[in-house]
Every structure is written in C-alpha cells, then in structure tokens.
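Enquirer: Sharing a structure here in structure tokens format.
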Amino acid sequence: MTMRKHLIVSTPYRISLGGGGTDLPFYASQREGFLITAAIDEYLTVLVAKRTLDKKIFLQYSNTEMVDAIDQINHSILKELLRYYKITEAFQVATFSTMPTQTGLGASSTLIVGLINAIHKLNNIPISRIKLAEEAFKFEREILGLAGGFQDQYIAALGGIQILEIDKNLQVNTKPLNLEKKIINKLQNSLFLVHTGIQRNSEKIIEGIQKELDAFDAYDQIKEIGKSSVDYLESGDIQKLGHAMDNHWKVKQRMTKSISNSVIDNMYLELKSFGALGGKVIGAGGGGFFLMVVDENKKEFIQKIADHNYSLVNFSFDFNGSHVIAN
C-alpha cells in the first residue's frame, strides 16, 4: 500500500436538539443520559503532512509554531495529541475553522476527532467511526482532563442527527434519527443559529453545574423534554419543538449563575420578541450561540435579526461526519 505524505480531514461542528447536558458523566453515571444532537455544515479542517527535508514539528493555527521537540509546543491539545501518538519529529499540522472557538459548538472535540482521524488515515490505520469517537473521548476527558460529556466526540465522528443514550456504566449507544427529507428541510428552515457575540469557558461552567445541589433534578427535567422532542422532530412539529426548547432553556438558566446572566436573558427575550417560539443557548451556556425555533414569520425574524446587528449562521445538517476531503 502506498504511504500517504499528506491529507486533509474536515470535521463538523454540532448543535444539540434535546437533552443536552445529560451526557455529563456525573449525571449519566447516576441517572443515565439521553440527548439528541446534530452535525452541521460548519467545519474544522485539519491538514497533516510528513516533512521530508527536516525533523521539525510545524504547527499552523491562529498562531504558528516551528519547534524541534514536543515539549516546546505551546498549543496544549496539539502537543498532547502528538505525544499520545508518539509523533516526535518531521510532522506538520495546520488547522482551519469556519467558526471561532468557545462558542458552544464543540470546537475542542471537533479538533481532536479530526486530528485523530487524520493521523490514522495518514498512516493507513483503519478506525471505525465509533472507535474514533471513543478514542477522542478518552483523550479529551482522561488524558487532557477537560470537563464535558460524550456528545461532542460522537456527533463529530458520526455526523447526521443522532440519539445518544448513556448508561450508568458510561457506555454509549448511538441511534441515527432518520427523518424524511421534507422534515429535514422543514427543520433546517425553522432553526436559526444566532451568535451572542460572547465567548466563554465551558469547563468552568460545567464544573460549576456539578456543584449545584439541584442539578440532578434539573437534568431529569431536561432529559424528559429531550425524549418528548424525538416525536416533535420525527413529525416536524415546529410549534411543539419550539415550546420544548423554551422549557429546556428555562430549566437550564436556573441551574447556575454561570449559564446565564442579565445580558443573555435579555438577548433571549429580544429574540423571542422577534417571532421565535423558543430556543436555548447551545453548549454549556454563558454565551456562544442561541438556537432559536421560528415557525411562520421567518422573513420578519431574519429582518429583525439584521436590524439589531445580530450575526446569523445559515446551516444545513451534515451527514458525513469526520471525513477526508483531499490526500
């Protein structure tokens, strides 16, 4: 088999459609997790290459690094991933993203899934999508020690719209939510991704949630809302989906002060006043993106978004997952 010298992998970001947060290990290990998550056509792209004429490690992201040894690398994720795969010299990594970091779309996990996939493909080492997700989860949560759940790694690896069930032993069962094409189109036309303009640290927010006494009760409610949302998604019931997300957000914003604040609360109420049925902050909270559900007055909603200087991301669902786009 011919050895590859370089290749490019694209990995999708994600949005959560129900039950978000119940995949956190502290909750799932006690009550079991259930959530619905979807990949979208915004990507983090990774180029990997073997260097031929020198033994340098060359990294290009928002900064540029060229070093002689792993310990000299500043980017913590790239440094530890190269160390984990025993890549110590003559290697190049470049990352490109359509989204900024710390926005609640799973950026860290998306990078890790993409780079693990790229390293395997570059070296012609087969890896299944589930194994890719498991490997990324192990690396991010156990090796790096970053707080978070299972959602990000699995949806980045698998793509599509997935139901994730996590048992008390933290074993993950994935089930694709196979929707009719007309329902998919209806959902894509009714879900609006609105940027708050606020970046935040998800690990600190998650650590705060785990200390809240009523976090289990709140996630119990969120899980039940998520389970009921499966029917709304399958039937394309935008009204009920919007109200379900509104209820989800009301439960979530009461959990800890770091999830919401007066600025975010006012943004949410303003977005609802533009015609949205409901919505929620994507990810841990504290900023990032709102996912808003709009049924009948979409043009008016879009116009008011523009008039009030919000940034709107038009997206479609991604059904490829992490995949090679060039080699």
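A short reminder: the numbers here are calculations on the coordinates, not readings from a lab. Just so it is clear, the structure is predicted and the values come from calculations on it, not from any experiment. Positions of Cβ are generated from backbone atoms using ideal geometry, with glycine treated the same way; all protein chains shown enter the neighbour counts.
Enquirer: Quick one: which of 178-187, 149-158 comes out on top by average Cβ neighbours within 10 Å, and what's the full order, highest first?
Expert: Those peptides, ordered most packed to least, come out 149-158, 178-187.
Enquirer: Using packing as a proxy for protection, rank 228-238, 23-33 so that the peptide with the highest average count of other Cβ atoms within 10 Å comes first.
Expert: Highest mean packing first, the order is 23-33, 228-238.
Enquirer: OK, next. Given only helices, namely DSSP H runs of n ≥ 4 each adding -39500 (n - 2.57), what is the per-residue ellipticity at 222 nm of the chain, to the nearest 500 deg cm²/dmol?
Expert: Details: 11 runs with 127 residues, N = 327.
-12000 deg cm²/dmol, from helical runs alone.
Enquirer: Return one number: the angle in degrees, 0 to 90 and rounded to the nearest 10, between the long axis of the Cα atoms of helix 298-307 and the longest principal axis of the Cα atoms of the chain.
Expert: Helix 298-307 sits at roughly 70 degrees to that axis.
Enquirer: Rank Val46, His195, Tyr27 by how far each Cα sits towards the positive end of the charge dipole of the chain (+1 on Lys, Arg Cβ; -1 on Asp, Glu Cβ) and give me just the farthest.
Expert: Val46
Enquirer: Which one is right for this structure if percent of Cα pairs over 24 Å apart is calculated from it: (i) 57; (ii) 54; (iii) 61?
Expert: Label (ii) holds the value from this structure.
Enquirer: What size of dipole, in debye to the nearest 20, comes out for the chain about its Cα centre when the only charges are +1 on Lys and Arg C-beta atoms and -1 on Asp and Glu C-beta atoms?
Expert: Dipole magnitude for the chain comes out near 680 debye.
Enquirer: Next up: In what sequence, highest mean first, do 105-115, 262-272 appear when ranked by Cβ atoms within 10 angstrom?
Expert: Those peptides, ordered most packed to least, come out 105-115, 262-272.
Enquirer: Return the whole-Å distance between the Cα centroid of segment 64-93 and the Cα centroid of segment 297-318.
Expert: Answer, in whole Å: 40.
Enquirer: Measure nothing fancy, just the Cα-based angle from helix 238-253's long axis to the longest principal axis of the chain, in degrees from 0 to 90, nearest 10.
Expert: 70 degrees
Enquirer: Within the set of other residues whose C-beta is less than 12 Å from the C-beta of Leu191, count the net charge using Lys and Arg as +1 and Asp and Glu as -1.
Expert: Residues close to Leu191 contribute a combined charge of +2.
Enquirer: Using a cut-off of 11 Å between beta-carbons, work out the net charge of the residues near Ser10 (Lys and Arg +1, Asp and Glu -1, Ser10 not included).
Expert: Taking every Cβ under 11 Å from that of Ser10, the sum is -3.
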